[in-house]
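The structure appears below as structure tokens.
Derivation of every value follows stated rules applied to the coordinates shown; laboratory data play no part. Source: prediction; values computed, not measured. All Cβ positions, glycine included, derive from the backbone under ideal geometry; neighbour counts span all protein chains shown.
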Amino acid sequence: MRQTDSVPDLASPAGVAHGAPAQDPAPPPWLRTAAGWSWRLILVVAGIALVFWAVTQVLIVFVAVFLALVFTAVLNPVTDFYARVLPRPLATAGAILSGILVIGGLLAYVVVSVAGQWERLAGEFNTGIDQIVDLIENNPLPVNVEVDTRDQWIDDAASWIQENSQTLVSRAAESAGSIVEGAAVLVLAIFCTVFFLASGSAMWRWFVAQVPARTRQRWNDAAGAGWYTFSGYTRGTVLVAISNGILAGVFLTILGVPLSAPLAVLVFIGTFIPLVGAPLAMIIAAVVALAADGLLTALIVTVGIAGIGQLEGHVLQPLIMGKQVSLHPVVVALGVTCGTVVGGILGAIVAVPLIAVAWAVFGTLRTPPEPVRPTPTDPLREVSDGGPEPGAEPAAEPAPEAAADPAPEVAPDRGVGGRP
């Protein structure tokens, strides 16, 4: 017999010695997992960056729609109340007019109050500034500011204003343009609010009808969770702001601080800006108290409004908002910081509700839908309940009841999956 040459085993050391290339070992499982998550994370970050870029291109429209959603969340209960006795369009008009009257009345009250006490406040403010300067010059601390140094600071500030007068004028012109843009945004927001209040449900049903039928329920559930969170945050913020304004007004009135009511309105408005709004209102109220009644009253006002802020964060918000918005304070702080860096004061305002809505939608989508248990007349009942498999012998029919007994009412067939 002819003896054939033996083929060396490439996997053996002998095969490697004959010059056969060895295959590269497969990457470890942890590396494959890390690589998979890395490219997914890159796609998510790229998608978020694309969304931010698109928002910056249509910023006016985004702000108008956001304000319209805020107005809708606040005015929707009022519209539903009016709709009990009025047609929906008239109820919508009545709710919007009520909101305009309330906001306009508050602003008019603040303007009239400040204008009526402006001369007195200006004089007291100058007195307060003199007290601050005297405290700086004659404080018991080892660091004192000499009169010459103070005068040099004032001269430097005046020189800076003169050198940058053209820049300041151009900034003022830009502010005037921003006022026009703000008016356009407000008009567009009110226009959208009218349709959201009057036919928002019909608009949403039309949108859901455009998506594939198999995903409609998921879209509806996710949007419902997002709107529940957004409306809860908006209404809760309004109630917390009202509570803060009332408490601050009572506190300032007890201390005898002038302009207590306008300052309470300022605290009310500042509550809508997370983290920074309330401290800013506190500083303004403390300056007014310093100008009117001295350093001791200013310190009391600072401590009191800080206490109101603690009451808001630890009692009012959990009590009013409940489980509708449950974000960790670290998440709120990071979100407000990132929003401020990206979009300034506007980013600080919209950061928290957007994060809360995104988390609510994510929590709904990551939870698989509960399977619908078949009804007694469902053709899948026997298989799902552990009954005979398809093709098995059917169970014996029960004996018919007496003819005198009425026939039992048969539940309507709901089809496969429990749907009509």
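Within the range 331-341, the set of residues being within 15 Å of Val55 (Cβ to Cβ) and surrounded by 15 or more Cβ atoms within 10 Å (Cβ to Cβ) comprises just one member, Gly339. If the condition is being over 16 Å from Val288 (Cα atoms) and not in a helix (DSSP H, G or I), then the range 87-119 contributes only Pro87. Of the helices (runs of 4 or more DSSP H) lying entirely inside the range 198-295, the ones with 2 or more residues being under 20 Å from Asp80 (Cβ atoms) and touching a helix residue (DSSP H, G or I) at 6+ places or on another chain (Cβ under 6 Å) are found at 216-255. If you check Ala292, Ala285 for being more than 24 Å from Phe66 (Cα to Cα) and either in contact (Cβ under 8 Å) with a residue 60 or more places away in the chain or touching a Phe, Trp or Tyr at 6+ places or on another chain (Cβ under 7 Å) (or both), only one passes: Ala292.
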